[in-house]
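Any read-out appearing in this document is the output of simple, stated calculations on the displayed coordinates, not a laboratory observation. What you see is a predicted model, and the numbers here were worked out from it, not measured in a lab. Cβ: placed from backbone, ideal geometry, glycine included. Neighbour counts: every protein chain shown.
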Amino acid sequence: MRGSLGEKIGQGVFADVHAWAPGQVVKLSKPGIPQWVVRHETQMTRAVFAAGGPAPEVLGEVTLDGRFGIVLPRFDGPTLTQATRTGAITREQAGAILATLCLAVHKTRPPPDALSLREAMDARLRFGGSVLPERITTGVLALIEHLAPDDVLCHSDLHPGNVIMTAQGPRLIDWLGAARAPAAYEIAQCHVLIAELDPEHADDPERATVNSVLQAEYARLAGIAPAALTAAMQPYLPIVRVFLLLGGAMPDMRERLIQRVEAALRSAG
């Protein structure tokens with residue numbers, strides 16, 4: 001795949017995004033990150049795109065100085081976060097866009113090698129090591145076993161920062177966490193990411209609007225009573241928070257997240 005490593009234009013926990021070739025970017029694993037992490041994202045992105053889901057096309061793969069990279073189209077446009085901040089899109093519109101993307105993901109056939117929720121948690125526990133008390137990891141694994149079986153494709157990191165508003169419409173990026181899980185798990189993940197953790201919205205008093213509209217519009221589109229959707233997502237909130245704790249998200253909120261997980265596990269027990 002011809003190209004050259006250009007300016008860094010984005011970064012995440014596991015990878016950096018650089019300009020690559022005209023109209024292309026390369027998502028390159030960070031030094032020390034096992035290659036399988038970004039290779040798994042490559043597999044998921046390819047499979048979801050092939051199934052007609054809202055994923056970008058994988059244009060190629062590269063290895064630079066031992067770092068594995070995935071070449072993707074460069075989407076021109078602001079993120080949904082940026083568009084709401086500038087007022088180009090209202091909070092209500094942002095919530096509706098996220099709900100539509102959620103449903104599009106959930107209607108896409110899951111790739112055969114997509115991890116189940118239990119497998120995804122096992123993988124994150126192996127990667128994250130012993131960063132949580134054993135009572136929490138034991139409790140959350142037991143909770144997963146007692147919940148409904150996996151049934152749909154979930155993006156598992158669906159928030160305004162992962163949506164690029166292009167001239168052709170919204171595009172959803174970062175498919176590393178794609179897994180088979182109940183739709184309620186995705187809604188719970190959106191809730192925590194948007195209403196509790198999203199650092200880019202931390203000083204936005206209206207961020208709750210995005211979350212509430214997302215849930216209301218998703219319930220409408222999916223033909224679910226809003227109260228039923230709220231009830232369905234509750235058991236998945238501690239699971240979402242454990243995933244985030246294992247990923248090192250928001251260290252300043254670590255103790256608060258642990259307290260919420262422990263309270264939920266006690267209630268479930």
Out of Val213, Ala94, Val48, whose Cα points farthest toward the positive end of the dipole of the chain (charges: +1 Lys, Arg; -1 Asp, Glu; placed on Cβ)?
-> Val48
So which residue, out of Pro238, Pro78, Pro22, gets the largest mean-square fluctuation from a GNM of the chain using Cα contacts under 10 Å as springs?
-> Pro22
For region 8-73, calculate the relative contact order in percent as a whole number, restricting contacts to Cα pairs under 8 Å that are 6 or more residues apart.
-> 30 percent
Which cross-chain or sequence-distant (5 or more) residues have an amide H under 5 Å from the amide H of Gln11, H modelled 1.01 Å from N in plane?
-> Val17
What is the spin-label model distance, in nm, from Ala227 to Leu64 if the labels are put 7 Å beyond Cα along the C-beta direction?
-> 5.5 nm
In sequence order, what are the phi-derived ³J(HN,Hα) couplings for region 166-173 according to the Karplus relation 6.51 cos²θ - 1.76 cosθ + 1.60 with θ = phi - 60°, rounded to whole Hz, with x for glycine and proline?
-> 8, 5, 8, x, x, 10, 9, 10
Evaluate the relative contact order of region 67-192 (contact order divided by residue number), counting alpha-carbon pairs under 8 angstrom at least 6 apart; express in whole percent.
-> 36 percent
Calculated from backbone phi, Karplus (6.51, -1.76, 1.60) coupling profile of region 253-268 in Hz, x at Gly/Pro = 9, 3, 5, 5, 5, 4, 4, 5, 5, 4, 5, 5, 5, 5, 5, 5
The chain, Gaussian network, Cα under 10 Å: of Ala231, Ala178, Ala195, the residue fluctuating most is Ala231
Taking Leu229, Leu245 and counting other beta carbon atoms within 10 angstrom, the fewest-first order is Leu229, Leu245
Which of the lysines could a cross-linker bridge to Lys107, judged by Cα under 30 Å and excluding same-chain residues fewer than eight apart?
-> Lys27
Cα gyration tensor of region 8-73 diagonalised, 5x eigenvalues square-rooted, in angstrom largest first, produces semi-axes 19, 14, 10
Which residues' amide hydrogens lie under 5 Å from the amide hydrogen of Ser116, considering only partners 5 or more residues apart or on another chain, with H built in the peptide plane?
-> Arg180
Let me have the relative contact order for the chain, percent, based on Cα pairs under 8 Å that are six or more residues apart.
-> 19 percent
Checked against the positive end of the charge dipole of region 99-144 (+1 on Cβ of Lys and Arg, -1 on Cβ of Asp and Glu, about the Cα centre), the farthest of Ala104, Phe127, Gly139 is Ala104
What's the exposure ranking of Asp174, Asp150, Asp122, Asp16, going from fewest to most Cβ atoms within 10 Å?
-> Asp122, Asp16, Asp150, Asp174
Please identify, among Met44, Met253, Met233, the residue showing maximal mean-square fluctuation in a Gaussian network model of the chain using a 10 angstrom Cα cutoff.
-> Met253
Could you list Ile239, Ile33 in order of exposure, starting from the residue whose Cβ has the fewest other Cβ atoms within 10 Å?
-> Ile33, Ile239
Contour minus end-to-end for His146 and Val131, with contour as 0.36 nm per residue of separation and end-to-end as the Cα-Cα distance?
-> 3.0 nm
For the chain, just list the percent of Cα-Cα distances falling in each 10 Å bin from zero outward, please.
-> 7, 29, 37, 22, 4, 0
Residues whose built amide H sits under 5 Å from the amide H of Glu61, excluding neighbours closer than 5 in sequence, are Val71
Could you please state, rounded to a whole Å, how far the C-alpha centre of region 26-80 is from the C-alpha centre of region 1-22?
-> 10 Å
